[in-house]
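The values are calculated or read from the model by the stated rules, or taken from the named source; none is laboratory data. If you're wondering where the values come from, they're calculated on a predicted model, not measured in any experiment. As a convention, Cβ positions derive from the backbone with ideal geometry for all residues, glycine included, and neighbour counts pool all protein chains shown.
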Amino acid sequence: MQKTKLGVLGNYFQYHLFKIAPNNEFYKEVEREYNNCFANYKYAIGLIENKTRTCLHICCLTNDDKFDFSSFQFYLNQLPNLDLHSVAFLFALTYNIESRLINNAFQTPENYPSEFAKSFLKDTFGQVVFAFQFTELLRVCLPKEENSHNQINEYRRLYNLREANFYKKLQDLYLPDGYSLYKLLEAYTPCNTKSNDFGFLISPTYKLAYTFIQSAKKYLPE
């Protein structure tokens, strides 16, 4: 795995864990992000621009004083450019700290099994990480009588709930090029999969990705 020049951004942006307390410099960001719904938590984790002490995003609340966001540097070392989709993909992989780490994450794997999915998932290099990707893949696989917005949303919910009957249903669904949707999801859903072959689905953070790109540019040579 070859490191890219963007790995240097890890010197300027880091995840920090801090106590949720009024005297903390990032307390206002926690209030704004969670609308005062954080009374049951002791700590927050945020992405901080070190030089300006700007909090770009509060990513989660926790009661655990230990955290590991080493995946952020791991994927920064691989990041090929500051394209919006690539940066959003980086954050999707970073936030899910239980995810398996992917070498060469910003390259579609060799011998990728589905030409249809390869084209459709080009922005995430063949990986299914976002809920909208999953629902669109379902849309092209389901029979007409099940292909409604409400039904697809219900299937998305069942998928993230690890509903066994829905996983059985997936085994009978096929992409337009004939490849099994079940096999695709089993192999290419990386978020939170240390204990399960199938990863969870999340929402893309394009706003954060854009903010990070704008902030990062000043630390890179022209």
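The set of residues in region 122-132 being free of Cβ contacts under 8 Å to residues at least 60 places away in the same chain and either touching a Phe, Trp or Tyr at 6+ places or on another chain (Cβ under 7 Å) or surrounded by 13 or more Cβ atoms within 10 Å (Cβ to Cβ) (or both) consists of Asp123, Thr124, Phe125. Can you name the number of the only condition in (1) crowded, with 17+ Cβ neighbours inside 10 Å; (2) at pLDDT 95 or above that Leu61 fails? So the condition that Leu61 fails would be (2). Checking each residue in region 16-58 for being more than 20 Å from Lys217 (Cβ to Cβ) and hydroxyl-bearing (Ser, Thr, Tyr) picks out Tyr27, Tyr34, Tyr41, Tyr43.
For region 170-185, the set of residues classified as surrounded by fewer than 17 Cβ atoms within 10 Å (Cβ to Cβ) and assigned to a helix (DSSP H, G or I) consists of Lys183 only.
Every test in (1) touching a Gly at 6+ places or on another chain (Cβ under 6 Å); (2) more than 30 Å from Asn11 (Cβ to Cβ) is passed by Asn77 save one, and that test is (2). Sub-9 Å Cβ pairs linking a first residue in region 156-176 that is outside the structural domain of Glu146 (by TED's automatic domain parsing) to a second residue that is surrounded by fewer than 16 Cβ atoms within 10 Å (Cβ to Cβ) and in a loop (DSSP other than H, G, I, E, B), at least 6 apart or interchain, number zero.
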